[in-house]
Ligand code: DX5
């Protein structure tokens, strides 16, 4: 698998962060070298968990300059797309399974001036998004069933990753391939070798005894080494 021309990015998920000190945690992630911060937005319907709303993100926005992405694990995202952009998210990730008119939802994200991205759950095939790849800047391939951090990585997603990577190459698409779920020191090399260049890590990153900066650097170096395989 050829290396991604866009390079490796490490995107921490704040789901495992100390929600009593969320501002400080985001400042620490920025200082530690995060390329972007992922906000896991959950509505208790699309996934069996509820997390944060746009007002929380807006409150944190002025504390850091690192880009934000909103991973919308919510049903019917269209009516609130503008709220996530107004809160300061540069990237809006819409799940293919969460909206009847995915083409319309992704177009609405771009019309709002944000970078549109699409996420697919483990059971969703690449074919489900084949006809909207021209609308997105990134595809997020979930390697767990969304809703909670700390789950085990699904290696069965690697053929899907390779299929998506080949499709991106065949159609000469300039898009990122992101992976989220169970990315850690044991799995990140396989994820990068299979074609992902944007790696989300939550629980594994926050578990590093050496701290966030070491963790981000360690994950990045492991992914870059595998990306050259
Ligand atoms: C789960 C979220 C993930 C999670 C991070 O639904 O999408 O971003 O918080 O997963 P881990 O902890 O496996 O890195």
* Asked: When the helix-only estimate is applied to the chain (DSSP H runs of n ≥ 4, each -39,500 (n - 2.57), divided by the residue count), what is the mean residue ellipticity at 222 nm, nearest 500 deg cm²/dmol?
  -> -9000 deg cm²/dmol
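Could you tell me what percent of the DSSP beta bridges with both partners in the chain are antiparallel, to the nearest 5?
On the way: 1 of 33 bridges.
Roughly 5 percent of the beta bridges in the chain run antiparallel, per DSSP.
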* Asked: With a 10 Å Cβ neighbour count serving as the proxy for reagent exposure, in which order, fewest first, do 101, 95, 71 appear?
  -> 101, 95, 71
* Fully extended contour minus Cα-Cα distance, from residue 103 to residue 221, at 0.36 nm per residue -> 38.9 nm
* To do: Mind jotting down the distance between the C-alpha centroids of segment 59-77 and segment 168-185, whole Å?
  => 20 Å
* To do: Would you mind getting the Kirkwood hydrodynamic radius of segment 9-227 from its Cα pairs, rounded to one decimal in Å?
  => 17.1 Å
* How do the peptides 150-160, 77-87 rank, highest first, by the average count of neighbouring beta carbon atoms within 10 Å per residue? -> 77-87, 150-160
* To do: Could you work out how far apart the two model spin labels at residue 207 and residue 152 are, taking each label as a point 7 Å from the Cα in the direction of the beta carbon, and quote it in nm?
  => 1.3 nm
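Read-outs: derived from the displayed coordinates by stated rules, not from any lab. As the structure is a prediction and not an experimental result, all values here were calculated from the model. All Cβ positions, even for glycine, are placed from backbone atoms using ideal geometry, and neighbour counts span all protein chains on display.
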